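Engineer: My structure is below; once you've seen it, I'll send some questions.
Just so it is clear, none of the values below were taken in a lab; they were calculated from the coordinates. All values reported here derive from a predicted model rather than from experimental measurement. A quick note on method: Cβ atoms are made from the backbone with ideal geometry, for glycine too, and the neighbour counts reach across all protein chains shown.
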Amino acid sequence: MASTYTGLGVELQATGENAGTWGTKTNTNLQLIEQISGGFTTQAVSDSGDTTLSVSDGSTGATLAHRIIEFTGSLSGSRNVTIPIDVQQFYVLKNSTSGSQNVVFKYVTGSGDSVTVAPGAVKLVYATANDGTNPDIDDCGFITASSTDTLTNKTLTAPKFADGGFIADANGNESVVFGTTSSAVNEIKVTNAATGNDPLIAANGGDSNIDLAIAPKGTGEIVVGTGSADATITSSGAHNLVLDTNSGTNSGTITITDGANGNIVIAPNGTGVAQAVDGGDNTAAIKIAGKESIWVPASSMYPNTTNGCAAIAQVELSNGPEIKTLDFDKDSDEFAQFAVAFPKSWNEGTVTFQAYFTADSTNTGTVSWDLQGVACADNDTINVAFGTAVAPTAKAHSGTANDLDVTAESGAVTIAGSPSTDEEVFFQISRDVSEDSLTADAKLLGIKLFFTTDAANDV
């Protein structure tokens, strides 16, 4: 019977074979076994196609009959190194090729797994020969200090980073950089969260109370949110939200500014109020820009010279306050005027109003009030026309004499001219009898004039 050979070329001599050469063949086999268990060789990798490794039966020259294989050569692209489909062995592979290209170690045929050895990397692989048509080559996870490797499902308990060391992104760029402090006892703790809860970045360590410092670089800013939604800073639970400078000492200011044409909104919830605190026990409400009102009593108005209402009358009632009224006739439109100098905080826009009136009558008819205005600046003529009159919904009298009637708030009244601060605004109020039905004089008590501010004061 003739000799046979293993997948790596070791000769298995038959009984009675190779008379006179048995010792030589045995020595060759022992050399092969030594190479297979720990031998080193180099293998030049072709840049023009696959490099096919084969077994030389009964010879020590085959690359595959070595445990450690170093790949050499200059490559312009990723190249394959193939092995016979029946080889079963552990290999230590090193990619020492130039050109920064991968070497792929695989079986010559089939679709089984292969192992990619990156430039400069060292891999421990196992050629399994586990399938007659599609055998696998397994990556055993051998890692060196200089290799580029992927770790999956590995637990790192205390990896160390040099001062300035970093975690890189998939492109090798710095993603998180670590700085060091001698004898550090405090650190950052990052905790993930279950569904419905928030992940946590927290100060952690040996001290009882630890601040969490976030510092931009240079003139950079701390930006909250991604731009796809409102950015909200919220305290946890029922705790207060506190902003201070240098732990509350007198060393800086807190400045809140808006973006281009943005608003700053301070909106207490429920019955809460916005307050300013002087550092002691004294508090004061913060004046917030927005809608405000002025009460203009009838006693501050005067009837028009033409088609004017009755002159101001003081009425003594049987009980309580005496009232001063301007009486507007039921049969024809009558007018009265007044003037207002708005504060500098006025936004110079439109106004609205509510009319307050009564009637010495039991009639339940409605009353319709109109308001129009015009603004006059310093050195401008006062001889100008009023703007368009605007009326709130006609208000029905209660049906009881001397009951107070208050209209709904009107729509926007546009003031004629070019309204601005430091101007006097003249108003004209009238009763439009074509739009109401009260069969008695309407006695105007005054109006509440609403306007909008865009500043907290008149500085």
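Engineer: Take the Cβ-Cβ distance between Glu435 and Leu212 as r, set R0 to 51 Å, and report the resulting FRET efficiency rounded to the nearest 0.05. Intermediate results must be reported in sequence, preceding the final value.
Structural biologist: Numbers: r = 65 Å, r/R0 = 1.28.
That pair, Glu435 with Leu212, gives E of 0.20.
Engineer: Two decimals is fine: what is log10 I(q)/I(0) at q = 0.07, 0.13 Å⁻¹ for the chain, from a Debye sum with one equal scatterer on every Cα and no solvent?
Structural biologist: Result of the Debye calculation: -0.69, -1.18.
Engineer: Rounded to the nearest 500, what is the 222 nm mean residue ellipticity of the chain from helices alone, with -39500 (n - 2.57) per DSSP H run of 4+ residues and division by all residues? Mind showing how you got there, number by number?
Structural biologist: Details: 1 runs with 17 residues, N = 459.
Only helices count here, giving -1000 deg cm²/dmol.
Engineer: State the Kirkwood hydrodynamic radius of region 292-452 in Å, one decimal place, computed from all pairs of distinct Cα atoms.
Structural biologist: Details: mean 1/r = 0.0625 Å⁻¹.
Result for region 292-452, one decimal place: 16.0 Å.
Engineer: Dipole size in debye (nearest 20) for region 4-139 around its Cα centre, Lys and Arg Cβ +1, Asp and Glu Cβ -1? List each step's numbers first, then the result.
Structural biologist: Details: 6 positive and 13 negative charges, 67 e Å.
My answer is approximately 320 debye.
Engineer: Suppose each label sits 7 Å from its Cα in the direction of the beta carbon; what would the Asn363-Asn261 distance come out to in nanometres?
Structural biologist: 5.1 nm
Engineer: Between region 323-344 and region 414-459, what is the separation of their alpha carbon centroids in Å?
Structural biologist: Going from one Cα centre to the other spans 9 Å.
Engineer: Taking other Cβ within 10 Å of each residue's Cβ, how do Arg67, Arg79 sort, fewest first?
Structural biologist: Details: Arg67 16, Arg79 21.
Ordered by Cβ neighbours within 10 Å, fewest first: Arg67, Arg79.
Engineer: Rank these for me by crowding, Asp139, Asp131, going from fewest to most other beta carbons within 10 Å.
Structural biologist: Details: Asp139 17, Asp131 13.
By the 10 Å Cβ count, ascending: Asp131, Asp139.
Engineer: With a ≥ b ≥ c the root eigenvalues of the C-alpha gyration tensor of region 27-71, is it rounded (a/c under 1.5), prolate (a/b larger than b/c) or oblate?
Structural biologist: Because a/c hits 1.5 or more and a/b fails to exceed b/c, region 27-71 counts as oblate.
Engineer: Could you put Trp346, Trp295 in order, starting from the residue whose Cβ has the fewest other Cβ atoms within 10 Å? Show your work: numbers first, answer last.
Structural biologist: Working: Trp346 22, Trp295 10.
Fewest-to-most Cβ neighbours within 10 Å comes out as Trp295, Trp346.
Engineer: About the Cα centre of the chain, how large is the charge dipole given +1 on each Lys and Arg Cβ and -1 on each Asp and Glu Cβ? Please answer in debye to the nearest 20.
Structural biologist: Values: 19 positive and 52 negative charges, 460 e Å.
Here the size comes out at about 2220 debye.
Engineer: List, largest first, the extents of the alpha carbons of region 300-374 along their principal axes, each in whole Å.
Structural biologist: Ordered largest first, region 300-374 gives principal extents of 43, 31, 25 Å.
Engineer: Grab the beta carbon distance between Asp230 and Asp131, set R0 = 51 Å, and tell me the FRET efficiency rounded to 0.05.
Structural biologist: Values: r = 58 Å, r/R0 = 1.14.
In this case the efficiency is close to 0.30.
Engineer: Can you figure out the FRET efficiency of Ala202 with Ser76, using R₀ = 51 Å and their beta-carbon distance, to the nearest 0.05? Intermediate values should be presented prior to the final figure.
Structural biologist: Values: r = 51 Å, r/R0 = 1.00.
After rounding, the FRET efficiency stands at 0.50.
Engineer: Return, ordered by residue number, the residues of region 65-107 whose backbone nitrogen is under 14 Å from a label point located 7 Å along Cα→Cβ of Asp47.
Structural biologist: 72-79, 97-102, by backbone N distance to the label point.
Engineer: Per residue of region 439-447, in order, report the coupling 6.51 cos²θ - 1.76 cosθ + 1.60 (Karplus, θ = phi - 60°) as ³J(HN,Hα) in whole Hz, putting x for Gly and Pro.
Structural biologist: Computed from phi, the couplings for region 439-447 are 8, 7, 4, 8, 9, 6, 8, x, 10 Hz.
Engineer: Helix 22-38 against the longest principal axis of the chain: what's the angle in degrees, Cα atoms only, rounded to the nearest 10?
Structural biologist: 20 degrees
Engineer: Could you order peptides 191-200, 297-306, 98-107 by the average number of other Cβ atoms within 10 Å of their residues, highest first? Can you show the working numbers first?
Structural biologist: On the way: 191-200: 7.7, 297-306: 15.5, 98-107: 17.6.
Going by the mean number of other Cβ atoms within 10 Å, highest first, we get 98-107, 297-306, 191-200.
Engineer: I need the semi-axes of the equivalent ellipsoid of region 4-139: take the C-alpha gyration tensor, multiply each eigenvalue by 5, square-root it, list largest first in whole angstrom. Spell out each step's value before the answer.
Structural biologist: Numbers: eigenvalues 171, 53, 28 Å².
Whole-Å semi-axes of the equivalent ellipsoid: 29, 16, 12.
Engineer: To the nearest 20 debye, what is the magnitude of the charge dipole of region 292-452 about its Cα centre, counting +1 on the Cβ of each Lys and Arg and -1 on the Cβ of each Asp and Glu? Intermediate values should be presented prior to the final figure.
Structural biologist: Numbers: 7 positive and 23 negative charges, 45 e Å.
For region 292-452, the charge dipole is close to 220 debye.
Engineer: Let me ask something else about it. Under 19 Å between alpha carbons, and skipping anything fewer than 8 positions from Lys106 in its own chain: which aspartates and glutamates qualify?
Structural biologist: Asp47, Asp50, Glu70, Asp86, Asp131, Asp136, Asp138, Asp139, Asp149
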